[in-house]
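Data first, discussion second: the structure below is written as structure tokens.
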Amino acid sequence: MFNEAVDGFFAAVDARDAAAIRAAFAPNVRDSHVDLDRQIEELFEAYPDPTDVCKRDGGTVAGSYSTDHGVKTAEVSSGFPVVSGERSYWCFFELVYRNDADEGDVGIKNVTLYSAEYRCAAMLDDERARAAEASGEQGIQVFTDISLDYEVRFIGGYPEKFVSIDRVLTEDEAAGFFETSRSYSAFVERFGEPNSESGSGVSFAFELPAEQGEPRYLDLVVDDRTDEIVSAYVQNDLDVVAVSTLWSAMDS
């Protein structure tokens, strides 16, 4: 149901079908947000090209379910990358698919569309991004207008701050390192600083050679108390699920 709702929404966006977009939202959202038409026009302006890639995955959504005296409600949500033309976005999508007490709640609850740059800034607690997200609007929210002085790339399904480094690191070289060491500081001493870091300094990404034109990154998860690398995954740009596992403490 989540995948169908997302696909239907973006098909309507690509067709510039404002009426279909409006109809996909829950009746209560349509009735309570008189600016939904304006929000749709803002979405069209920020998303001018057809959808090329949409990485929604109904199998990994977060869910909220409740039963009160036999009355059931069910809501799911997820964030995912979307690529349209030369532009990359991150979309957060909320869907209510059951509410026995109020059918008016059933439908799309909220869609938030970020540029990759804006979402990255928000994840890094950029004051400009936090201020806009605190607007409290519902229905459709569009956050794309921000200027950054650094490069942003999708790594493992999330937009990350990226620093280019003049080096070539291969999977074979990394795998060879893990044969003798699990020390993150030793890894950095040998191969250099990471291209990107996230998770408050516990996840570090190193660019690898592309494969068949698709980006590859080595994602190291580190225990900051012990300096031990606890996992090493090969990621592409848009998928949250790793391409492969190079090393994991759970498998050792």
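The values are calculated or read from the model by the stated rules, or taken from the named source; none is laboratory data. This structure is a prediction, so every number in the text was calculated from the model and none was measured. In this analysis, Cβ positions are derived from the backbone assuming ideal geometry, glycine residues included, and neighbour counts consider all displayed protein chains. Surface areas here come from the heavy atoms of the whole protein model, side chains and all, with no ligands, DNA or RNA. Shrake-Rupley method; radii C 1.70, N 1.55, O 1.52, S 1.80 Å.
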Looking at segment 152-171, is at least one residue closer than 16 Å to residue 207 by Cβ, open to solvent by 60 Å² or more (accessible area, probe 1.4 Å), assigned to a helix (DSSP H, G or I) and at pLDDT 95 or above?
-> no
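Going residue by residue through segment 192-199, is there one that turns out to be open to solvent by 60 Å² or more (accessible area, probe 1.4 Å), part of a loop (DSSP other than H, G, I, E, B) and under 26 Å from residue 56 (Cβ atoms)?
The initial filter retains those residues of segment 192-199 that are open to solvent by 60 Å² or more (accessible area, probe 1.4 Å), namely 193, 197.
Okay, now just the ones that are also part of a loop (DSSP other than H, G, I, E, B), so 193.
Imposing the further condition that a residue be under 26 Å from residue 56 (Cβ atoms) reduces the set to none.
No, segment 192-199 contains no residue that is open to solvent by 60 Å² or more (accessible area, probe 1.4 Å), part of a loop (DSSP other than H, G, I, E, B) and under 26 Å from residue 56 (Cβ atoms).
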From the set of residues in segment 205-239 that are under 17 Å from the mean Cα position of the chain (by Cα) and touching a residue at least 60 places away in the same chain (Cβ under 8 Å), which is surrounded by the most Cβ atoms within 10 Å (Cβ to Cβ)?
-> 217
Return the residue satisfying two criteria in turn: it lies in segment 20-43 and is under 23 Å from the mean Cα position of the chain (by Cα) and over 11 Å from residue 109 (Cα atoms), and of such residues it is surrounded by the fewest Cβ atoms within 10 Å (Cβ to Cβ).
-> 42
Which ones in segment 44-61 are crowded, with 16+ Cβ neighbours inside 10 Å and touching a helix residue (DSSP H, G or I) at 6+ places or on another chain (Cβ under 7 Å)?
-> 47, 51, 54, 56, 61
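Would you check if there is a residue in segment 117-125 being assigned to a strand (DSSP E or B), surrounded by 15 or more Cβ atoms within 10 Å (Cβ to Cβ) and modelled with pLDDT of 90 or more?
Here is the first cut: in segment 117-125, the residues assigned to a strand (DSSP E or B) are none.
Taking every residue of segment 117-125 in turn, none turns out to be assigned to a strand (DSSP E or B), surrounded by 15 or more Cβ atoms within 10 Å (Cβ to Cβ) and modelled with pLDDT of 90 or more.
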Condition test on residue 140, is it outside any strand (DSSP E or B) and either in contact with a Phe, Trp or Tyr (Cβ under 9 Å, 6 or more places away or on another chain) or aromatic (Phe, Trp, Tyr) (or both)?
-> no
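If a residue counts only when it is without any contact (Cβ under 8 Å) to a residue 60 or more places away in the chain and under 20 Å from residue 238 (Cβ atoms), which strands (runs of 3 or more DSSP E) contained entirely in segment 1-115 have at least 2 such residues? Before the answer, list the steps.
Values: elements: 62-68, 71-84, 87-99, 107-115.
Here the list reads 71-84, 87-99, 107-115.
For segment 62-73, indicate whether the set of residues that are closer than 25 Å to residue 143 by Cα, under 16 Å from the mean Cα position of the chain (by Cα) and loosely packed, with under 14 Cβ neighbours inside 10 Å is non-empty.
Taking segment 62-73 and keeping what is closer than 25 Å to residue 143 by Cα, we get 62-63.
When the remaining residues are screened for being under 16 Å from the mean Cα position of the chain (by Cα), the result is 62.
Remaining after also requiring loosely packed, with under 14 Cβ neighbours inside 10 Å: 62.
Scanning segment 62-73, I find at least one residue that is closer than 25 Å to residue 143 by Cα, under 16 Å from the mean Cα position of the chain (by Cα) and loosely packed, with under 14 Cβ neighbours inside 10 Å, so the answer is yes.
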Please give the number of the condition residue 252 fails out of (1) farther than 30 Å from residue 78 by Cα; (2) at pLDDT 95 or above.
-> (2)
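I'd like the residue in segment 206-252 that is of a type in the set (Ser, Thr, Tyr) and not in a loop (DSSP other than H, G, I, E, B) and, out of all such residues, is farthest from residue 152 (Cα to Cα).
Taking segment 206-252 as the starting set, the residues that turn out to be of a type in the set (Ser, Thr, Tyr) are 217, 226, 231, 233, 244-245, 248, 252.
Still in the list and also not in a loop (DSSP other than H, G, I, E, B): 217, 231, 233, 244-245, 248.
On the way: 217: 14, 231: 24, 233: 20, 244: 23, 245: 24, 248: 27 Å.
In this case the residue turns out to be 248.
Scan segment 54-77 residue by residue and report those that are out of contact with any Pro (no Cβ under 7 Å at 6 or more places or on another chain) and modelled with pLDDT of 95 or more. Even if it seems obvious, please write down each step before you answer.
To start, the set of residues in segment 54-77 that are out of contact with any Pro (no Cβ under 7 Å at 6 or more places or on another chain) comprises 54, 56-77.
If the condition is that a residue be out of contact with any Pro (no Cβ under 7 Å at 6 or more places or on another chain) and modelled with pLDDT of 95 or more, then 54, 56 are the ones that fit.
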